[in-house]
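Please read the structure below before turning to the comments.
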């Protein structure tokens, strides 16, 4: 009974914090709510007896990703007015083509996940380092690689947007 109350309390806190991340007017407050959300998810992992996932959640997301978000918030002037002119060299057809390619990849992942055989159980428990490694690099290799490519594209896009002149 106590575990159910703790689970539902954490789940409610995660949902409330997610809504606060999206609705906060101040971007720094939004990032702080995001940190609290990541920490609540880590607490949920601890409750589910997956300590490795909890530590990775705190180190990677609550530590690294949030610092990256804060750098972006501090570097990008959100109060500045948008530029008055349009770039004549903008290639909207290229952006549209890349967006269609990403949607095709996501559709392929969804179709692959439905038709692919389900992963078997390993000797190690769920949430262990061995289980996570085997799941990522054996059963879900293609989605893992696609996610890494999407992160690379997002990083290059952020660099291009942050740069004043190409």
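Name the one entry in 11, 18, 24, 6 that is over 26 Å from residue 128 (Cα atoms) and over 17 Å from the mean Cα position of the chain (by Cα).
It is 24.
Can you find a residue in segment 37-58 that is free of Cβ contacts under 8 Å to residues at least 60 places away in the same chain, under 20 Å from residue 75 (Cα atoms) and either buried (at least 18 other Cβ atoms within 10 Å of the Cβ) or out of contact with any helix residue (DSSP H, G or I) (no Cβ under 6 Å at 6 or more places or on another chain) (or both)?
no
Being modelled with pLDDT of 85 or more and either loosely packed, with under 10 Cβ neighbours inside 10 Å or closer than 21 Å to residue 65 by Cα (or both) is true for just one of 155, 149. Which residue is that?
Exactly one residue qualifies, and that residue is 149.
The values are calculated or read from the model by the stated rules, or taken from the named source; none is laboratory data. Here the structure is a predicted model, which means the values were calculated and not measured. Cβ sites come from the backbone with ideal geometry, for glycine too, and all protein chains shown count toward neighbours.
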